[in-house]
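Report on one structure; see the data block that follows.
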Amino acid sequence: MLSVVVLISGSGSNLNALLEATENPLFGAKIVAVGSDNPADGLAHAERFGVPTFVVSPGSFDTRENWATVLMANINHFKPDLIVLAGFMRILPSNFVGAYSPNLINTHPSLLPQFPGGHAVRDALYAGAKTTGVTIHIVDEGVDTGPHIAQREVEVLPDDNEFELHERIKVQERELLINTVRDIAQNKINLAAISK
Ligand code: GRF
């Protein structure tokens, strides 16, 4: 059984989808803890499923590296095989990335390398993109630059606003994230090979 720690910053709909999917023992992965950089609403999903949670806020530390060290101590307590960033809106320093990558994946709401960063959906709309989507990738030391694991396209509709487009992306994102974690758990995706 692949043990997974999920990190979130917001509403946690991707987390909730993963919690539901991993209830099935045949899925092959189990969420052992959920962490956040703030008291995020999405932590309630973990609590509902009886999964332990932790919050480590960067504001309490003098450097990002010191913050990451304490975040890592919380994660390591659960001995995960995989860390999933599911709407975790912080850039992780190299001590963190070096400790876990390639077993550290992120979901991003665009077809990378287009529209990296924290405003991917807005940026796609402003750029007049006809198609955007979602990318699941291995986290490296850049911002949304790591090797791609899976992508799915989503059409931009003529009168889309940011919220509506993001909601349609998230429908695809949840399914793609579930399938990706399942395939990692079932050895159909080899993260070490993708990261080479
Ligand atoms: C997702 O679209 C994620 O890719 C982005 O923020 C959103 C988080 O949604 N970075 P949720 O918290 O899982 O509902």
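Of all lysines in the structure, those lying under 19 Å Cα to Cα from K188, and not within fewer than 8 positions of it along the same chain, are K30, K196. Computed over the alpha-carbon pairs of the chain, the distance histogram in 5 Å steps reads 1, 8, 17, 20, 21, 17, 10, 4, 1, 0 percent, short to long.
Only helical runs count toward this figure. For the chain, summing -39,500 (n - 2.57) over DSSP H runs of n ≥ 4 and dividing by all residues gives -10500 deg cm²/dmol at 222 nm. Placing unit charges on the Cβ atoms only, positive for Lys and Arg and negative for Asp and Glu, gives the chain a dipole magnitude near 540 debye about its Cα centre. Cβ-Cβ distance of N161 and I91, R₀ of 25 Å, FRET efficiency by 1/(1 + (r/R0)^6): the value works out to about 0.40.
Label separation (E23 vs N74): 2.6 nm, computed from points 7 Å beyond Cα along the C-beta direction. Report the antiparallel proportion of the DSSP beta bridges in the chain as a percent, rounded to a multiple of 5. Roughly 40 percent of the DSSP beta bridges within the chain come out antiparallel. Of interest is the spacing of the C-alpha centroids, which for segment 138-177 and segment 95-124 amounts to 10 Å. Around the amide H of L2, modelled in the peptide plane, lie the amide H atoms of A29, K30, all under 5 Å away and 5 or more residues distant in sequence or on another chain. Measuring r between the beta carbons of M1 and N190 and using R0 = 22 Å, the FRET efficiency lands at 0.80. Among complete DSSP H helices in the chain, those whose alpha-carbon atoms stretch at least 24 Å along the helix's long axis and whose mean Kyte-Doolittle hydropathy reaches -0.5 are 162-185.
Rule-based calculations on the coordinates, nothing more; no lab input. What you see is a predicted model, and the numbers here were worked out from it, not measured in a lab. Because the Cβ atoms are built from the backbone with ideal geometry, glycine has one as well, and the counts that use them run over all protein chains shown.
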